[in-house]
1. May I ask you to verify whether A:Leu613 is at pLDDT 75 or above, surrounded by 15 or more Cβ atoms within 10 Å (Cβ to Cβ) and either farther than 30 Å from A:Leu5 by Cα or of a type in the set (Gly, Ala, Ser) (or both)?
2. Kindly evaluate B:Gly128 against the criterion of being modelled with pLDDT under 80 and under 17 Å from B:Leu206 (Cβ atoms).
3. Identify, by number, the condition in (1) at pLDDT 85 or above; (2) farther than 16 Å from A:Asp363 by Cα that A:Ile386 doesn't meet.
4. Just to be sure I understand, how many residues within segment A:405-430 are more than 13 Å from A:His485 (Cα to Cα) and either of a type in the set (D, E, K, R) or modelled with pLDDT under 80 (or both)?
5. Check whether at least one residue in segment A:862-870 is touching a residue at least 60 places away in the same chain (Cβ under 8 Å), part of a helix (DSSP H, G or I) and in the same structural domain as A:Gln765 (by TED's automatic domain parsing), and report yes or no.
6. When you scan segment B:194-206, do you find a residue that is in a helix (DSSP H, G or I) and either at the interface with another protein chain (Cβ under 9 Å from one of its Cβ atoms) or within 23 Å of B:Asp112 (Cβ to Cβ) (or both), even just one?
7. Quick one: which strands (runs of 3 or more DSSP E) lie wholly within segment A:444-500 and hold at least 2 residues that are in contact with a helix residue (DSSP H, G or I) (Cβ under 7 Å, 6 or more places away or on another chain)?
8. Answer yes or no as to whether A:Ser141 is among the hydroxyl-bearing types (Ser, Thr, Tyr), closer than 27 Å to A:Ala537 by Cβ and buried (at least 22 other Cβ atoms within 10 Å of the Cβ).
Amino acid sequence: MLGSLIFLNPWSLLALLLLPVFWLILSALPPQPVLQNFPPIRYLRDLQDKTSSPQKIPLWLRILRLSIVASIILALSFPVILPRSDTVYDRPLLLIIDDGWASAANWSNVQASAKTIANAADLAGQQIAIVFTSTVQQNQSIIFEPYGQLLEKLQNHKPQAFAPNHGLLTGILQQSPLIKQQPMQIVWLSDGNDYGQVTALLGTLSSIGKLQVLRDPEQNNLRIAGLQIEPSGLKIRINSDSKTTGMLLAQDKNGNVLQRSVFELTSEQTTIDVTMPMPLELRNRMTAVRIDGVSSAAAVHLLDSSWAIPRLGIIAGRNRNSDQSLLSERFYLEKALRPFAKISAIDQSNMTEKLPPIIVLLDTGKLSDTADLRLSEYVEKGGLLIRFAGPRLATRQDDLIPVPLRSGGRLLGSSLGWEQPQQLSPFADNSPFFGLDHQQQINVTMQVLADSSPGLSDHVWARLSDGTPLVTSAIRGSGRIVLFHVTAAPDWSQLPLSGIFVAMLKRILPLAANPIVDLDNNLNPSPMLDLKMAINAKGQLTIPDGSHQILPANAEPEPVNATHPAGLWSNGRFSLARNVLDNLEINDFPQTSDEVIIGNIDNTKTIRFAGFLLSLALILLIIDNFLILILSGKTSILKRSAKTAIILLAFGLAGNFMFAAKPANAEQLDPFAVIEQTRLAYVAIDNAAIDRLSHAGLKGLSRELYLRTTVEPAEPVAINLETDDLNVILLLYWPFLSEVELSDAAIIKLNTYLKNGGMLVIDTQDAGLRALSAGGVDPALKSLFSQIDIPALRQVPKDHVLTRAYYLIESFPGRYVDAPLWVEADRKGSSLDGVSSLVIGSNDWAAAWAIDEEGQPLAGLSAQMDNQREMATRFGINLVMYVLAGNYKADQVHIPTLLERLQQ
Amino acid sequence: MPIKNQHTSNQQANELAAKYPALLSEARRISANVVHGSHGRRKRGSGETFWEFRRARDEDPASAIDWRRSGRSDALFVRETEWEAANTVFLWRDNSPQMNWRSNDKLPLKCDRAAVLLTALSIVLLRGAERCMVPGVSQKPGTGIGAIERISREIITGTSLANSIILENSRNHAHLVIASDFLEGAQIWTQRLKRISQNGISVILLHISDPAEENFPFTGHVLFADSGNAEKIDMGRAQAAKTIYQQRFKAGREQIKAIASKNNWHFLNHRTDQHPANVFLALYQYLGVK
């Protein structure tokens, strides 16, 4: 809906008066003539007069140019169209704006609407007062402000991350002298929620003057209304005023998303409970739940330390089976608790240090007096003590137990007794274990029995099927004691072996995070908390600005407010998350009397024309330039520039593609290329000539494999030991010419590769030289052997699988013939399937295999044997077959014997 | 002034020489289309083509007798060949600044097109054992294939002035090809060709024009200039002059044509956007008919 058009800078419109002058100037200035070289100029003589009839800019061109000038002038006058407004402002205006959490998501709408209203009132000559409901102060007075100052205030005001305080405003309005002076016109930009005081405020406002309540129809108050722990994860309640879909994110403290769930709210269903499955490990890391993409404080729910991994100390006595650690109670406890708690041992003789929030006391027998005193004090002050029974407790009880015990244990299911080993009965609904699976076999054969006394059942968390308590608990001071009536080791029952043991402990651990749960608050002085991290109105976590006050941990539950804003409060040990909607009562907007006008805010934006007009002028200017070129016959320039533009564009695109394509053939090994097709691989060393030869050699071998066998390898790949992934490599040929220094990562990688069944073919390529020297271990190899795990080696025996994997061969020639070939000494191979993970030689096989692009051999051979190149190829094929097929040809070793037997 | 002139002519010569290989190869391409050869004079004479056997006369030397023919009868015969005389063809290209112009980068310069046509002609003629010469440039006429190089170079890089069309060595059967745009007007050209017309030489006037000169595609405000002289004509609406200009241009060409027909010469018209082969064939035919 469009309203009035106004000019912000009307004086520049005067420049429009100059348009006729421009018209005249344009008419007077003919365009520059085109210089044309023309040999038959003779024929043009005396035609001059005839054709020089007033050469003018064509009319349409003049109009075009005038419109350029006009658009620039109009743009400079900043025309805007203001939204239409029906309201007649005949009294001073009081503008009340809800700037609470609900208005944050659509604050710009609220701002724009407030500006429009203020503008309309200002145009009507009325004074304006503005008041924000969330930031209203106790002693604030309501005054009229100049329009400009008011606009600035409106522009700079930020919504708050707590609820509007309508009650306080009501009080201020009732006492404001300004209000009493005159009847007013009131516009209330409401967020549509009743926080309990709206009716009172409406009443006051109606008495002051004409009231108009406007709401933003786009506002839906999408919010996280609550969060609950479920055994399998979280249950998150989401509320919205209109139908919507969204996604819930669980985030850790760095903002990483741990879990997502999608939710959908239909128009009938405004509340939905989203279940977010969440393993405990992830839940412990989680610090916030957030509705994705909604910038509102209500779309964030912070979690406090009750979610964190608890620290836990174990006080163990002297072990009954001291030499059998697998039977020790501590072993079972640690196994069960390790993923969920940070476990440390506490020395009972030295308990002066700070104690963790949870202490597990095993069957230690009598504690020292100081330790006993210290533990009592610890529990009194809010610690959680988990105890396990045992023979020592059965014979001698102390006072750190939840319920009085009968002395002596109870033996069930023994060979002399007639009672059967007991199982669990279902958990009562007031037990923290409620909902756990009680049907697991726990076979309790021995327990300590609680003295039956009135009120015993209040303390029982788990019972056996005969009704005797298995787990009891009692509050002691501000702390809690939990007693398992069996041992933590499986000598009294199979409970420590069953899954339910872990599940029960997991349920108990969170109790420590908030020790004053169920406790009488009056007993202990409450810690004071400070705001560590605040939630701002947009739902972002920010550093607090210092305007808050510290909060006692046991303060009355109250909604967040300016002094105690939403965020994470902490005193270093204990943290408390205060969320925007905590303890906040939200009702629908109450019915109003007929005099109050309820409406929607007008979201029509002010339309500004300056930018549009300037772009129009620019476009017209470009058109004008092109037209001049066309008029003066310089179309060829146009064509050329168009061509240039196209060429440049094409180059740009091509360049993009080239740059984009570059990483694809970068040197990094693409594991998928190797997996897709069998490829031989070689280690690229610093010597380019050797690398080329290795590549050509493996290529030649690949080609022969392709021709002769069903192995069809693709182009070989070069491997950089430091950077490439070796796991997918079938056979790695390593021309080993000089000492290498491998990084630790590369060594680990290489060792893993060898262990996992890879094959490394090391070729020192120096058999020719070795013939001259005295033999011995190659010094370069020595350096390698000191770095990677090398099993025992031996020379290839006559009947090794390598001699018969595909061809029957006797020697292993490459460029040279004589050098020995070394494989693992262990015939079964140190790794898989009896295949030696190492093949070491110095015959320079790559040279013998190498072919050029035409398939011609590249290197000359030593010619020490007939058909040396063919024999080298046969060795290469045997090598690949050996890698691929393993030792199955080894059976042939026995063929001579078998044949001999058959003959007999 | 003379220094400047020399400089420009040097520069011009360099420019022309730079174009030489390209123009020559184009000329060769065009000339390759023409089957050439000496043209018979349809009478006895010195030549290679057999013309007739005649009875030997007493004055004939014994070596002239065709013994093979004579052996078939009692009489002695002499083998006569057709008289084949080489024509001298003078090839002249207008080098005036007006010729050094084109309306569009895609078209050749008028002088280049003229050079191509004349060079192609010279190649064909020299292969056909005719004699070619560039008046004002050549010291002597060229004959035979060996002279192709020299004549081509003289046509393409030579800068002969219009009044240098003085034909020495001219004979009755000489031909003269003048490639020009004839923009100086019929009067000047009548003057120039007066002496030649008295010589009875067969002349071909090859009128070369740029398409823009014929169509006059200019519109709007145009300032016409001519590199040959300082004359400038400012036209407010060039399109208004189109009709009159075209009439005048046509009339100018007609006048040149009239000179040709008056003297019983040939007139050929070529526009640089047309393929040169057509006009080249016509040229060759005109030369060959005589």
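The values are calculated or read from the model by the stated rules, or taken from the named source; none is laboratory data. Predicted model, so just to flag it, every value in this text is computed and none were measured. Note: ideal-geometry Cβ built from the backbone for every residue, glycine included; neighbour counts use all protein chains shown.
1. no
2. So B:Gly128 does not fit the description; no.
3. Checking A:Ile386 against (1) at pLDDT 85 or above; (2) farther than 16 Å from A:Asp363 by Cα, the one that fails is (2).
4. 11
5. Looking for residues that are touching a residue at least 60 places away in the same chain (Cβ under 8 Å), part of a helix (DSSP H, G or I) and in the same structural domain as A:Gln765 (by TED's automatic domain parsing), one finds none in segment A:862-870, hence no.
6. No, segment B:194-206 has no match at all.
7. Because the criterion is at least 2 residues that are in contact with a helix residue (DSSP H, G or I) (Cβ under 7 Å, 6 or more places away or on another chain), the strands (runs of 3 or more DSSP E) in segment A:444-500 that meet it are A:446-450, A:469-476, A:479-484.
8. So A:Ser141 does not fit the description; no.
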